[in-house]
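**Student:** Just passing along the structure, written as structure tokens.
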Amino acid sequence: MPEALHDHATNLPELRHTAAHVLAYAVQELFPDAKPTIGPAIENGFYYDFARETPFTPEDIERLEARMNEIIKANYEMTGREVSRPEAIETFSANPFKVEIAREIPEGEPITLYTIGAFTDLCRGGHAHTTGEIGAVKLMNVAGAYWRGDEKNPMLQRIYGTAWYSQDELAAYLHQIEEAHKRDHRKLGVELDLFSIEEDAGGGLVFWHPKGATVRGIVEQFIREGLRERGYQPVVTPHVVSEKLYEISGHLENYQHGMFGPLEVEEQRFRLKPMNCPGHILIYRSHLRSYRDLPIRFSEFGTVYRYERSGVLHGLTRVRGFTQDDAHLFCTPDQLQSEFEQTLDEALRLMKAFGFTDFEYFLSTREAHLRGETDPIAEEAIRKALERYGLPYGIDEGGGAFYGPKLDINVRDAIGRKWQLGTVQVDFVLPQRFDLKYRASDGHDHRPVMIHRALAGSMERFFGILVEHFGGAFPAWLAPVQAVLAPISEHQLDYAREVAAQLRAQGLRIDVDESNEKLGYKIRHWKTQKVPYILVVGKQEAADGTVNVNERGIDEKRTIPVAEFATELLRKIEAQA
């Protein structure tokens, strides 16, 4: 949800950080056995971790929220003071977590204590001036969390909350949460029979059911058409390759934590590929290239595998095996700008075609210790491309890949949530690591530049976001089933089958409801399946060669010839509506 603009001295992160202290104050009063640890602001809210043997109950959370509102209403001033390390340790001598933090604060960095009312906390600062500045607060849920994220450490109880300037903003956020629950792709994936993650196969591995695979195929086809129009050549690379390849690329050094462990075969070590780029590089390197061959654009719907802990797996948006709409361009330095711009243009075409109209762009630079003399060249290419299209952008310092800076494209969905989708990266490093060359017009060998691009990101994540963006109600051109024939009785079943055959012959995706259920039940069922059209056929429709059209989202029913309906639906598909 976009955050409202306010003329406040305190920004939302500071407000939420203060709310975390208010929570700890309430916990200290109501549950003195609980030891506070840390409580930062996070996107849309805050949390605070507590060490306590007895679990917090829903009733406890209600009491805490009520006490927090009393503390807010009291309008306590937030006061801070700098102390010595011994004084900080002495102040929190009964709390080993705070003592550990105090001991580890670097020499020369100030150690500060902040107080509201009767509660004092060890904190570096960044707060509202008073608790009364918190306009609205809500405690959301309780979860487990290891101290400092290490599973070898004690398990703590994490209380999540949200805080806003006003009750109206809180209400809008809670409405967004409710809407997000309705649109949850994991729930809709089951209800609409789109995909599943099977326990017997392992977490983070997706099984695409026929309807989900149909939508995925439409997305892939749309992307393939754009690739073909822009001169990309399809390639296919193995799922398992020698570990040596990732030693050369630097993935083993820089990305090993995200890779599955080695497979030993005949005393050689292999890896499931986490990236497609080394494979595309080997294809480029398979024979000599001339400047006349460049740019070369390789594309692959390449399935990759990345190790994720089970605790962070989440439906389709965080998985262990996924397919990228991946492509790699090899070009001369002079071609870099135009190639980057056409890639950005294609990214915008893709996002708009699938209903996204609100974008954010970030130029992500490499970490300081990785930067080299080519980084300014790559960053300038990204800047110029964004400026040519008149696109505002932010800078994400250190957010680039280990081999180069990149452009990240974020979108907002139908209920205002941000998602990171497309990414385009400029790379001077891997061509050097693999000693890539092309013979230039001067007769000498030169180094090409690489562009990595995955515009949808991954088919799994993109599909999950699409499900939530549309709430499962895909537009007609994208829907797995575009229309269902619902005969009033078994006497119209043959006619329904005939109409379905006519429509399928025109490339439309049509089902026939052959159940013995009453018509009202059939219509209710297919509405829950979010089918764009339910075509009712009875005795009169069969006699006239018509269908009674029930269009999703429109109350008015109409009876039209079959051919007229086919024309209507084909026009919607052509318009991607």
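The values are calculated or read from the model by the stated rules, or taken from the named source; none is laboratory data. Here the structure is a predicted model, which is why all the values come from computation and not from measurement. Positions of Cβ are generated from backbone atoms using ideal geometry, with glycine treated the same way; all protein chains shown enter the neighbour counts. Only protein heavy atoms, including side chains, enter the accessible area calculation; ligands, DNA and RNA are left aside. Shrake-Rupley method; radii C 1.70, N 1.55, O 1.52, S 1.80 Å.
**Student:** Tell me, how many Å apart are the Cα centres for the range 283-354 and for the range 80-139?
**Tutor:** So the two Cα centres are separated by 46 Å.
**Student:** Another question, then. What does the range 470-577 give for Rg and for Dmax, in Å, if only its C-alpha atoms count?
**Tutor:** Spelled out, the Cα radius of gyration and Dmax of the range 470-577 are 12.7, 37 Å.
**Student:** Give the accessible surface of the chain per residue, rounded to a whole number of Å², with probe radius 1.4 Å and ligands, DNA and RNA excluded.
**Tutor:** 48
**Student:** Okay, moving on. Could you work out the helix-only [θ] at 222 nm for the chain, with each DSSP H run of four or more residues adding -39,500 (n - 2.57) and the total divided by the number of residues, to the nearest 500 deg cm²/dmol?
**Tutor:** That comes out to -11000 deg cm²/dmol.
**Student:** How big is the convex hull of the Cα atoms of the range 140-253, per residue, in Å³?
**Tutor:** Cα convex hull per residue, to the nearest whole number: 285 Å³.
**Student:** Could you work out the local net charge near Leu188, counting Lys and Arg as +1, Asp and Glu as -1, over the other residues with Cβ closer than 9 Å to its Cβ?
**Tutor:** +2
**Student:** Same structure, new question: Quick one: with all protein chains in place, what share of the accessible area of the chain is carbon or sulfur, to the nearest percent (1.4 Å probe)?
**Tutor:** Of the solvent-accessible surface of the chain, carbon and sulfur hold 49 percent.
**Student:** For the range 266-282, just list the computed ³J(HN,Hα) in residue order, Karplus coefficients 6.51, -1.76 and 1.60, θ = phi - 60°, integers in Hz, with x standing in for Gly and Pro.
**Tutor:** Once rounded to whole Hz, the list reads 6, 6, 10, 9, 10, 9, 5, 6, x, 9, 8, 4, x, x, 5, 5, 5.
**Student:** Each residue of the range 74-79 in turn: what ³J(HN,Hα) in whole Hz from Karplus with 6.51, -1.76, 1.60 and θ = phi - 60°, glycine and Pro shown as x?
**Tutor:** 5, 6, 5, 7, 8, 10
**Student:** Report D for the chain in µm² per second (integer): Stokes-Einstein, Kirkwood Rh on Cα pairs, 20 °C, 1.002 mPa s.
**Tutor:** Taking Rh from Cα pairs, D becomes 77 µm²/s.
**Student:** Let me check I've understood the local charge: for Ile105, count other residues with C-beta under 9 angstrom from its C-beta, Lys and Arg +1, Asp and Glu -1. What total comes out?
**Tutor:** 0
**Student:** Below 8 Å, C-alpha to C-alpha, sequence gap of six or more: please give me the relative contact order for the range 254-396 in percent.
**Tutor:** About 19 percent, as a whole number.
**Student:** Can you list the residues, at least 5 places off or on another chain, whose amide H is less than 5 Å from the amide H of Trp477, using H built in the peptide plane?
**Tutor:** Ala577
**Student:** Moving to a separate point now. Per residue of the range 321-337, in order, report the coupling 6.51 cos²θ - 1.76 cosθ + 1.60 (Karplus, θ = phi - 60°) as ³J(HN,Hα) in whole Hz, putting x for Gly and Pro.
**Tutor:** x, 8, 10, 8, 7, 8, 8, 9, 10, 10, 9, 7, x, 5, 8, 4, 4
**Student:** Now, a different point. Restrict the search to the range 101-149; then list the GluC sites (Glu not before Pro) that DSSP places in a loop and that have at most 10 other Cβ atoms within 10 Å of their Cβ.
**Tutor:** Those that pass, being in a loop and sparsely packed, are Glu107.
**Student:** A further question on this structure: So if each residue of separation counts as 0.36 nm, and I subtract the Cα-Cα distance between Ala563 and Gln256, what length gain in nm does that give?
**Tutor:** Gain on stretching Ala563 to Gln256: 104.7 nm.
**Student:** How many times 2.2 N^0.38 Å is the alpha carbon radius of gyration of the range 249-370?
**Tutor:** 1.29
**Student:** If you take the C-alpha gyration tensor of the range 320-475, multiply each eigenvalue by 5 and take the square root, what semi-axes do you get, largest first, in whole Å?
**Tutor:** 30, 16, 15
**Student:** Distance cut-off 25 Å, Cα to Cα: go down the list Lys384/Lys572; Lys211/Lys527; Lys211/Lys522; Lys98/Lys152; Lys152/Lys406 and report the pairs above it.
**Tutor:** Lys384/Lys572; Lys152/Lys406
**Student:** May I ask for log10 I(q)/I(0) of the range 387-541 at q = 0.14, 0.17 Å⁻¹, from a Debye sum over the Cα atoms as equal point scatterers with solvent left out?
**Tutor:** Evaluating at q = 0.14, 0.17 Å⁻¹ gives log10 I(q)/I(0) of -0.84, -1.02.
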